[in-house]
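> Can you keep this structure in mind? I'll have questions shortly.
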Amino acid sequence: MKLGSIALLTGAVMLAGCNKKPADVSLKDASVEKVANTAQNAVKMQPGQWEMSFAIDKMEIPGMPAGANAPKAEPTKATTCVTPEQAAKPAGDMFAGKGAGDCKFDTFTMDGGKMNAAMTCKLPNNQGESKTNMTGSYSSTSFSNEVTSTVNMPNGQKVTIHATSAGKRIGECAKAG
C-alpha cells in the first residue's frame, strides 16, 4: 500500500471535521469504506480554499547502516478549492482511499477533535502485510496527522515509514473571472 494513499485517506477523513461538533465514531474491524462512510456522515468539511502538505520524515529500510535515515524530502504542498457541493458530499474515492488495496481498520476512533486509527493491509501478490497507525487532530479550519507504517515483507524484512500531513482553510475560493 502506498503511504500517500494512507495519508490522503487520513487527511480526507480529518478534513471532514467541521461546521458542527462531530459525532463520536468508534469502529473495530471495519472496512475502509465503512470508516469513510461513517466519518463522512458524522461531520462535514467546511468549504473554501484549503492549503495542504505531506512529508515523509523518516524511513527505516533493511540494509541501511544503524542510525542512518533516508534523506528528508521537502513537504509536498498543494492548495485546493472545496466547493459547498463537494463539502456536502465528498467524492467516494477520496474517502475510500482509491487504490488502497486490501485494507481494514483494526480500530478507528474520532472524538472531540482527535482521531486515532490502526489499519492492516495485505500487499498485492502475497508480498506481505503493512500495519499503519494514525493519530491526529481536526477542527473546523484545520487538520494535522502523523502516520507510521511498517511493511512486513515475506522474507522477514521490515520497512518503516513515518509521515505527517496537515491542512488548513485559508479563506474563500478565488472567484473565476
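Bear in mind that the values in this text are calculations on the coordinates, not laboratory data. Fair warning: this is a prediction, and the values are worked out from it, not measured in the lab. Reconstructed Cβ throughout: ideal geometry from the backbone, glycine too, with neighbour counts over all protein chains shown.
> Mind sorting 104, 168 by how few other Cβ atoms lie within 10 Å of their own Cβ, fewest first?
Result, fewest neighbours first: 168, 104.
> Continuing with this model, one more query. Rank the residues 119, 52 as a footprinting-exposure proxy: fewest other Cβ atoms within 10 Å of their Cβ go first. Write out the running numbers ahead of the final one.
Working: 119 26, 52 19.
Arranged by neighbour count, lowest to highest, 119, 52 become 52, 119.
> Given the Cα-Cα distance of residue 122 and residue 146 and 0.36 nm per residue of separation, how much length would full extension add, in nm?
Working: separation 24, 0.36 × 24 = 8.64 nm, distance 2.11 nm.
Separation in residues times 0.36 nm, less the Cα-Cα distance, equals 6.5 nm.
> Then there's this: Beyond 20 Å between alpha-carbons counts as too far, so tell me which of 28/58; 34/77; 28/168; 28/158; 58/131; 114/168 fall in that bin.
Beyond 20 Å between Cα atoms: 28/58; 34/77; 28/168; 28/158.
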